[in-house]
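Enquirer: Following this message is one structure expressed as structure tokens.
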Amino acid sequence: MSLSKQGEKGLQMTYKKKVVLSLLLAGLMTGCASFEATVAPTNSYKGILDSRDTALTALSGASSCCASLQTLTYVPLPADKETEVGIDGSSQVFVFPEGKSYLVAFKLPANTGDLKVTVAGLIDKTLFNPTVLLLDSQFRETRKIGADIIRYQPAYMLDGERVEGVFTLDRSQVGNPNNETYLVIYTTEATLSQSTQAMSPSKMMAKSHAVQDYGAKDPLIPHSPWGVVKLNVEDMSATKSGENFYKPAYQDTLDANKPVVDPTPNKLVVPLATAAGATAVAKPAPAMLSETEAFYQSQIEKAVKAGDIDKAMKLVNEADRAGSTKAKAVFVDAVKRSQK
């Protein structure tokens, strides 16, 4: 190799090292991305997430625990609290129309306002790709939530890589026997032969800071009968004002481009780009009714005037998902007025 080529190669290696160092420093300074963000939350789940072959063999020989959905064991699911559960060979097994699966089953909280439910399958070496089955008080199916709602989300802030879906439950008719009462999470036979394309940690960092990526290719995460799921149930009536806001029946995904508040008082910072690695584009929501639009605008302005920016931003996100075209502008205008 000539000296000129060696010098050129040396310069390239030096540049790559500088890029990697800058990414690491930026991650440490901002706290918004790290290589640790893509791993399982605790080491206690490693045996579940690293044992796909064992899980497939166990599922093949497992017998259904119950004759019907009614005879499953349902664990009470608390509101306003995150629940994380491992699914493995000790979990219940049931034969669904889509095939046999390990599962977790919950009884949803009662005596609440409308509920916002977030369900996530955590990604490590494997993934339990969840399907959510909702049942009424008589254990009859009301709806099923799958890949159209539950989609891949790259690591962001304190959340690792996952597939995640967000939906709402209407609690306006508390005494109605058709009200959704039970939730079952399982996976389908078809998905066990599939995989989810994740994002390499280096690409995640590079996209976050708009620099060239020299990292590995995006990995394919195989689906497994075992895994870890995380649930969060939010009672939408449990606000400072005690109001039970209108919620759409379905929500595709959380808005990854949320406004954030700078620690400086009364200073608003709005990110210019969506979260790193967001590949799916949410379907547009139906046009919002004028009465509902006016309601959201009023509540956003009221929250900003009271200095509750966090509540105002939540209202903006909810309004956007419900089809609002004016909520963000109303929010920004209200903040500007509050700074005068």
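The values are calculated or read from the model by the stated rules, or taken from the named source; none is laboratory data. Bear in mind the structure is a predicted one, so any value in this text is a computation, not a measurement. FYI the Cβ positions are ideal-geometry reconstructions off the backbone, even for glycines, and counts take in every protein chain you see. Quick note on the areas: whole protein, heavy atoms, side chains included, nothing else; ligands and nucleic acids left out. Shrake-Rupley method; radii C 1.70, N 1.55, O 1.52, S 1.80 Å.
Enquirer: To the nearest 10 Å², what's F96's accessible area with a 1.4 Å probe?
Expert: 10
Enquirer: Can you list the residues, at least 5 places off or on another chain, whose amide H is less than 5 Å from the amide H of T142, using H built in the peptide plane?
Expert: L134, L135, D136
Enquirer: Within the set K217/K314; K107/K328; K100/K217; K230/K314; K116/K328, which residue pairs have Cα atoms separated by over 31 Å?
Expert: Working: K217/K314 35 Å; K107/K328 36 Å; K100/K217 33 Å; K230/K314 21 Å; K116/K328 21 Å.
Going by Cα-Cα distance, K217/K314; K107/K328; K100/K217 fall outside the 31 Å limit.
Enquirer: Out of the total accessible area of the range 106-176 (probe 1.4 Å, heavy atoms of protein only), what percent is carbon and sulfur?
Expert: Carbon and sulfur together cover 47 percent of it.
Enquirer: Then there's this: Just to verify a number: FRET efficiency for E141 and K217, C-beta to C-beta distance, R0 = 51 Å, to 0.05?
Expert: Efficiency at R0 = 51 Å is approximately 0.80.
Enquirer: Kindly sort R143, R52 by accessible area of their heavy atoms, largest first, with the probe set to 1.4 Å.
Expert: Heavy-atom accessible area, descending, gives R52, R143.
Enquirer: Using a 1.4 angstrom probe with every protein chain in place, what is the largest-first accessible-area order of K217, K116? Don't skip to the end; give the middle numbers.
Expert: Details: K217 185, K116 35 Å².
Solvent-accessible surface, decreasing: K217, K116.
Enquirer: Accessible surface of Y156 in the full protein assembly, 1.4 angstrom probe, to the nearest 10 Å²?
Expert: It works out to around 100 Å².
Enquirer: Another question, if that's okay. Evaluate Rg over Rh across the range 81-141, taking Cα atoms for both radii and Kirkwood's formula for Rh.
Expert: Result for the range 81-141 is an Rg/Rh of 0.96.
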